[in-house]
Amino acid sequence: EVERVHGIRVVDAGRRRLPLQKKVGAGMTPAEFEAKAAAGQLGHIGLRESVALVGRALDLQLDDVTQTVEPVIASEERRTPHLVIPAGSVAGIRNRGFGRRAGNVLVELDLQMYVGAVDPRDEIFLAGDPPLHLLFEGGIFGDSATAAILVNSVRQVAEASPGLKTILDVPPARLAR
């Protein structure tokens with residue numbers, strides 16, 4: 001029985017490619033960040049959909065899904081092989097998604113992706129019976145994880161009936177060799 005889910009992903013964007021650093025706003029002024037965020041040009045594409053999908057998978061019957069997009073401001077100068085980020089500039093993003101039922105948060109996904117992130121990790125808390133806490137120290141490298149899920153899902157997707165599907169509509173990924 002799962003009553004509530006809280007996922008945390010902390011990524012040091014300084015160790016990633018330049019396009020990702022730019023995608024999270026690294027090097028922008030706070031005003032530039034706020035303008036792009038207000039225009040919907042910043043934030044993880046699909047975060048709200050991920051919250052809804054988790055809620056659907058666990059039959060939590062969410063009635064509201066929202067997200068926030070906030071800058072993480074560099075307290076000191078930070079450098080990557082691609083950028084120099086002055087103190088006071090944007091180091092990256094904190095993007096949070098919330099799934100609620102009757103005003104109570106049942107699903108929370110917290111993505112922190114910024115240059116110089118402390119304690120990179122992927123962490124999941126499941127409140128329920130039994131409670132569960134998973135911690136992946138250092139985090140799971142996103143590019144490799146995306147490629148792995150695609151390659152290891154090919155057979156299941158190919159065997160699925162025609163039409164638009166989500167990961168909930170096909171059998172779980174299996175190792176493809």
Seminar exercise, completed: Per-residue ellipticity at 222 nm attributable to helices in the chain (runs of n ≥ 4 DSSP H, -39500 (n - 2.57) apiece, nearest 500 deg cm²/dmol) works out to -7500 deg cm²/dmol
Exercise. Where does the charge balance sit around ASP110 when Lys and Arg score +1, Asp and Glu -1, over other residues with C-beta under 14 Å from its C-beta?
Worked result: +1
Problem set entry | Label-point separation, ARG79 to LEU168 (7 Å along Cα→Cβ), nm | 4.8
Seminar exercise, completed: Note, VAL151: beta-carbon cut-off 12 Å, +1 each Lys/Arg, -1 each Asp/Glu, net +3
Problem set entry | the chain: Cα Rg divided by the 2.2 N^0.38 Å rule of thumb | 1.13
Seminar exercise, completed: In the chain the accessible area split gives carbon plus sulfur, as whole percent at 1.4 Å, a share of 57
Exercise. Just the accessible area for HIS133, please: 1.4 Å probe, Å², rounded to the nearest 10?
Worked result: 100
For this session: Give me the lysines in straight-line cross-link reach of LYS36: C-alpha distance below 30 Å, same-chain residues under 8 apart excluded.
Result: LYS22, LYS23
Exercise. Where in the range 11-38 is the amide nitrogen less than 20 Å from a point lying 7 Å along the Cα-to-Cβ axis of ASP143?
Worked result: 11-27
Seminar exercise, completed: Taking a probe of 1.4 Å and leaving out DNA, RNA and ligands, the range 77-157 shows per residue an accessible area in Å² of 54
For this session: Would you mind working out the magnitude of the charge dipole of the range 34-87 relative to its Cα centre, with +1 at each Lys and Arg C-beta and -1 at each Asp and Glu C-beta, to the nearest 20 Debye?
Result: 260
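The values are calculated or read from the model by the stated rules, or taken from the named source; none is laboratory data. Please read all numbers here as calculations on a predicted model, not as lab measurements. When we count neighbours, we look across all protein chains shown, and the Cβ atoms used for this are built from the backbone with ideal geometry, even at glycine. Only protein heavy atoms, including side chains, enter the accessible area calculation; ligands, DNA and RNA are left aside. Shrake-Rupley method; radii C 1.70, N 1.55, O 1.52, S 1.80 Å.
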